[in-house]
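The values are calculated or read from the model by the stated rules, or taken from the named source; none is laboratory data. Predicted model, so just to flag it, every value in this text is computed and none were measured. Note that we place each Cβ from the backbone using ideal geometry, even for glycine, and neighbour counts take in every protein chain shown. Side chains included, ligands, DNA and RNA excluded: accessible areas come from the protein's heavy atoms. Shrake-Rupley method; radii C 1.70, N 1.55, O 1.52, S 1.80 Å.
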Amino acid sequence: MQLLERQDMARQDPKKRRSNFDEVALGYSHEQAQKEASRCIQCKKPSCVPGCPVGIDIPAFIKSIAEDDMDGAIRELKSMNALPAICGRVCPQETQCEEVCVLGRKGEPVAIGRLERYASDHEQGTMEKRGIEQPETTGKKVAVVGSGPAGLTAAAELAKMGHSVTLFEALHKAGGVLVYGIPEFRLPKSIVQSEVEYVESLGVDIQLDTVIGKLETVDELLDEYDAVFLGTGAGLPVFMGIDGENLNGVYSANEFLTRVNLMKAYQFPDYDTPVKRGQRVVVVGGGNVAMDSARCAVRLGANEVTIVYRRGEDEMPARNEEIENAREEGVKFKLLSNPTRILGNESNWVTQLECLNMELCEPDESGRCRPVPLEASEHLIDVDVVIIAIGTSPNPLIPMTTTGLETSKWGTIIADEDGLSSKQAVYGGGDVVTGSATVISAMGAGKTAAAAIDRYLNSKEL
Amino acid sequence: MPFKILEKFQIVPTIHQMMINAPKIARKAKPGQFIILRINETGERIPLTIADFDREKGTVTTIFMEVGKTTKQLSTLNAGDSLQDFVGPLGNPSKIEPADKVVCVGGGVGVAPIYPIARAHKAIGNKVVSIIGARSAELLLWEDKMKDVSDELYITTDDGTKGHHGFVTDVLKDLLEGDEPISSVISIGPAIMMRTVAGVTHPFGVKTIVSLNSIMVDGTGMCGACRVLVGGETKFACVDGPEFNAHEVDFTLLMNRLMMYRDEEQQALENYKCERKGCNC
Ligand SMILES: Cc1cc2nc3c(=O)[nH]c(=O)nc-3n(C[C@H](O)[C@H](O)[C@H](O)COP(=O)(O)OP(=O)(O)OC[C@H]3O[C@@H](n4cnc5c(N)ncnc54)[C@H](O)[C@@H]3O)c2cc1C
Ligand SMILES: Cc1cc2nc3c(=O)[nH]c(=O)nc-3n(C[C@H](O)[C@H](O)[C@H](O)COP(=O)(O)OP(=O)(O)OC[C@H]3O[C@@H](n4cnc5c(N)ncnc54)[C@H](O)[C@@H]3O)c2cc1C
Ligand code: SF4
Ligand code: SF4
Ligand code: FES
């Protein structure tokens, strides 16, 4: 059999996309999808499937695409993954399903993510809603807290099992990081919206503007519901604890991205929420969050956007594709550099960032090389906006207001492999349990917990 | 989930009272807490303190002053209209503990949020002395309500059109110098006023609480927009506050951070005024 090359996916021209928020990756054409699908050799024992945290039958859905049976492809995807249009776009495939595809041993792996995206977008395009079979109702009530990928998945699964599900979300839009963090040009909000609508169509009652721990506590929810799933994410921004972090113009990535994405500050003044449009922007950090912030800053019109990261490029946790996209858009990388101080003027505006050069030494317990500062290497960079993207931790609001809910020293909720917390009938999953991770792992956790909740509810009946 | 406006009127020029149907929030609201609202899809999220609530009727009342685009737009809404979003109760409630004598100091629109706090102190039997101030008599609000919940009420106006001619802090200083010991002072108003209050009480060593109005987005501890410096430590006003020990607050930082979007706010307001006039500028 003649081996085809992996199909490239068209992307918006870097010069153009620097000034718009439209999606960068444009997806496969019908022909490309057919070609790419035909590359999959339909392994009898597919090595790709265990690479997918939700265990999608990858060869089966690809086969359907190859046969132009799009309904079949979508059915296959949706049976394991409630949000394929999202995962196809943002999963770190290179470290998951595609990393272990057999074709990757000799050449390039099958573009599983792009095909997943293609199939889901096809469905969105036709706007045909899958006929949803209404399961028999069990009469059991479950409260799901947080509408990120973990919560949406848990809610969808539980609803499909016939439980009556209410999903509580603190913000005014459902989707978690998918709506407030990941920018439009990487994940169009209309896609998140239609996935949310799908979850609603399963009968899930979504209550927005509801902060659990304030409006109602978890203990109060338990009076009304038979079980609770906590999918509240890791949304508390971490600052560096250096001088000058409270200067005007210094943002947490969460604030910057929330203003830009959720509140649509890039459309100010049509939308009311402002954001400072810096000319010289520095983003501190090396993950997806840092790339997203930098690329938003480019689109807001900055002359110069620089990523300051204390390790080397190989150590950057961001997806390679996103690093490359950022670079194409003109983002500069200042590696092996660590901020030590932020300086400002008399009216409290940030003016400069002081950095130290770093050197990599032997790997630390996380397996990455530990950066060590080089003595007397302090130097200043001129800036007018600084975005701190060095990580987040779970919000303590719920643990603080719930009796008997144990957390780790990092503030994550302690849960067993089923997602059961230290409190009866209370489950958790996603970033709130693992700390910042991925969309698909959060979904996997939501799904596992939903199955465990179902077993628990059934056993309660006996 | 739109939230219906049940009542809305101007109390004094540029300051409005608005009652919202929000039974769940009303059930949980405590003095000192706030809500965040958004008028419509394109709107900004703005925090307003809960000035009153009625658990039975399921209503929450806020008082707001027209200062920029959002509050001006809010002032054009009427009973029967709805707000797109109304989230709360946010922030920590005031600590209402038995005390001999509590002084409540409210300035400008800050009189409204001080009211439920004064009422709560009164309800547990504390002696409540209130000082309320405004720029001018016509801008003074909730005098009657404050009278109802205070053992003593002092009024000040900057221009002398009512009560003491001067600032709330003048009266506060007199009280502090008086014979009767003061257990604590709680003050809500413009940042500059709260800073002055802190300065006045500090030499007397009287515990002083202020409610900080830093710029907020989510109000749940997720963004850090609201960060303030208290006792040398960075705190998030929305979840760690909004009330803090006044003697530890870095007011200069607070006031500087409140100015962060001055240019954008100006632009938004001008656009809005144009829009309303229907001109094409
Ligand atoms: C900018 C950015 C880019 C990223 N890029 C990628 C990527 O490319 N690929 C990838 O796989 N992962 C990426 N991630 C990580 C991924 O988004 C997260 O791991 C994932 O969203 C976690 O899902 P979750 O459901 O656990 O929590 P979240 O998505 O954080 O959702 C939690 C939800 O709970 C709500 N909530 C919190 N507290 C309460 C409460 N008390 N009451 C009610 N609701 C509450 C929050 O408002 C939020 O909506 C990125 C993250 C960020 C921030
Ligand atoms: C906890 C808290 C409680 C408050 N309670 C009241 C109240 O009971 N009554 C009242 O009249 N006002 C209150 N405020 C202030 C009120 O939120 C602002 O006046 C309002 O946001 C201004 O919006 P605007 O668009 O009309 O004005 P803008 O032109 O946008 O801003 C005018 C000024 O208001 C402040 N401000 C702007 N945006 C925000 C924001 N998102 N969050 C906080 N402050 C902002 C800034 O200092 C700004 O310079 C409170 C603020 C906080 C933080
Ligand atoms: S969900 Fe993610 S990991 Fe699983 S097959 Fe799709 S892209 Fe790969
Ligand atoms: S491992 Fe690769 S080639 Fe084999 S079934 Fe999976 S995607 Fe197809
Ligand atoms: S308003 Fe976002 S953390 Fe306080």
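Here are some notes:
- C-alpha center-to-center spacing [the range B:245-261, the range A:406-462] in angstrom: 40
- Relative to the longest principal axis of the Cα atoms of chain B, the long axis of helix B:111-123 lies at roughly 50 degrees.
- Estimated 222 nm signal from helices in chain A, with DSSP H stretches of n ≥ 4 weighted -39500 (n - 2.57), rounded to 500: -9500 deg cm²/dmol
- If you plug the beta carbon distance of residue B:144 and residue B:255 into 1/(1 + (r/R0)^6) with R0 = 35 Å, you get a FRET efficiency near 0.65.
- Inter-label distance for residue A:8 and residue A:303, nm, one decimal - labels placed 7 Å from Cα along Cα-to-Cβ: 3.3
- Note: relative contact order over chain B, using C-alpha pairs below 8 Å and six or more positions apart, is 16 percent.
- Coil-residue GluC sites (Glu not before Pro) of the range A:1-91, DSSP, other Cβ within 10 Å capped at 13: A:5, A:67
- Fraction of alpha-carbon pairs over 25 Å apart in the range A:10-126 - percent: 20
- Candidate aspartates and glutamates for bridging to residue B:95, where Cα separation is under 12 Å - those fewer than 8 sequence places away on the same chain excluded: B:243
- Backbone HN-Hα couplings from phi across the range A:86-92 [Karplus 6.51/-1.76/1.60, Hz, Gly and Pro as x]: 7, 4, x, 8, 10, 4, x
- Distance between the range A:179-199 and the range B:60-130 - C-alpha centres, whole angstrom: 36
- Each peptide in B:220-227, B:127-134 receives the mean, over its residues, of other Cβ atoms within 10 Å, and ordering these scores from highest gives B:127-134, B:220-227.
- In Hz, Karplus ³J(HN,Hα) per residue of the range A:228-239 (6.51, -1.76, 1.60; θ = phi - 60°; x = Gly, Pro): 10, 10, 9, x, 8, x, 10, x, 8, x, 9, 9
- Using alpha-carbon coordinates, inclination of helix B:191-201 to the longest axis of chain B, degrees: 10
- Inter-chain shielding of A:198-209 (mean C-beta neighbours from other protein chains, 10 Å cut-off): 2
- Each DSSP beta bridge with both residues in the protein assembly as shown is either parallel or antiparallel, and the antiparallel ones are about 50%.
- Scanning chain A for DSSP H helices at least 15 Å long along the axis (C-alpha atoms) with a Kyte-Doolittle mean no lower than -1.0 picks out A:70-80, A:149-160, A:189-201, A:288-299, A:439-461.
- Eligible lysines near residue A:140 by straight Cα distance, threshold 27 Å, same-chain separation 8 or greater: A:78, A:129, A:160, A:173, A:214, A:423, A:447, A:460, B:24, B:28
- Length-normalised contact order for chain A - Cα pairs under 8 Å, 6+ apart - percent: 16
- Pairs of Cα atoms nearer than 8 Å and 6+ residues apart set the relative contact order; for the range B:1-126 it is 31 percent.
- The range A:23-63: C-alpha gyration tensor shape, a/c 1.5 cut-off, then a/b vs b/c: oblate
- Sorting the Cα pairs of the range B:112-191 by distance into bins of 5 Å, from 0 upward, gives 3, 15, 26, 26, 20, 8, 2, 0 percent per bin.
- Taken along the Cα-to-beta-carbon direction at a fixed 7 Å, the label points for residue B:274 and residue A:205 span 4.6 nm.
- Using alpha carbons only, the radius of gyration of the range A:239-390 set against its Kirkwood radius gives Rg/Rh = 0.97.
- Reachable lysines, given that their alpha-carbon falls under 24 Å from the alpha-carbon of residue A:332 and they are not under 8 places away in the same chain: A:15, A:16, A:276
- ³J(HN,Hα) computed for each position of the range B:264-271 - Karplus, 6.51 cos²θ - 1.76 cosθ + 1.60, integer Hz, glycine/proline x: 5, 5, 4, 4, 4, 5, 5, 4
- For the range A:234-289 versus the range A:336-401, the gap between their alpha-carbon centres in whole angstrom: 15
- Shape category assigned to chain A from the gyration tensor of Cα positions, a/c cut at 1.5: oblate
- Peptide A:211-218 has a mean of 5 when you count, residue by residue, the C-beta atoms of other protein chains within 10 Å of its C-beta.
- Overall, the accessible surface of the protein assembly as shown at a probe of 1.4 angstrom is composed of carbon and sulfur to the extent of 49 percent.
- The GluC sites (Glu not before Pro) of the range B:179-279 include none that DSSP puts in a loop with a beta carbon having at most 15 other beta carbons within 10 Å.
- Pair-distance profile P(r), taking every C-alpha pair of chain B, with 10 angstrom steps and integer %: 7, 29, 37, 22, 5, 1, 0
- Long-range amide H partners of residue A:110 with built H, under 5 Å: A:103, A:104
- Dividing the Cα radius of gyration of the range B:216-281 by its Kirkwood radius returns 1.18 for Rg/Rh.
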